[in-house]
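Q: Pasting in a structure now, in structure tokens, and then I'll have a few things to ask.
The values are calculated or read from the model by the stated rules, or taken from the named source; none is laboratory data. None of these values were measured; they are calculated from a predicted model. All Cβ positions, even for glycine, are placed from backbone atoms using ideal geometry, and neighbour counts span all protein chains on display.
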Amino acid sequence: MTMPSSGFSRASLALAVLAIVLTALGALAAAPFLQTRKLEAAIAEKQRRLPELRAQIAHESELKKEHADLAALGQDKSLLLEGDKTGVAGANLQSLVNGLVTANGGTASSIQILPPKEDGNLMRISVSLSINVGTDGLRDIVHSLETGTPLIFIDDIVVRGIHEDFRPTEPHYLGPLEVTLQVSGFAVQNGSS
């Protein structure tokens, strides 16, 4: 049995479809406004953080200026290699390292001053050397280099036992050792000869 269609049911169906279409159109029309609200909220949040970020930037520039002022006043001169020219500073580093090697029972077979390199407001002066020394002497040399003044850094170290025959080394081998070192110190950047 089928129900006869009445004009009332067609009208209510048409109204329901119209209501759905209008609701969908309303949602489509409202979407940009909702998106705008989200964007406005995000902008407000960023604007709220802006003064804090500006204060951080201002403080950063103050710190950079303070750092530059301290660097301009000069670092503790006793921590730097002496010498108004990089060549003089290199010779002083060479003399200092050679003195440490000799004082600790070693002998230097070769010492070479390497080309200086700029490092900020300073010049990095490096020396490469080959020495023969016992274990205790090597320990004392490394300790003196790392803890003394001026500041000297060990950039590279290679240690080999000197064997006159093909026997395996003793577990408590005290030397002599063949050591290749590269050490660096810093000097004020004044001249380059």
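Q: Of all residues in the stretch 25-55, count the ones that are of a type in the set (S, T, N, Q) and either loosely packed, with under 10 Cβ neighbours inside 10 Å or at positive phi (or both).
A: Residues meeting the conditions: 1.
Q: For the stretch 159-193, which residues satisfy the criterion of being modelled with pLDDT under 65 and among the acidic types (Asp, Glu)?
A: Glu164, Asp165, Glu170
Q: Still on this structure, please answer the following. Name the residue, out of Ser110, Ser126, that is part of a strand (DSSP E or B), within 15 Å of Gln189 (Cα to Cα) and polar (S, T, N, Q).
A: Ser126
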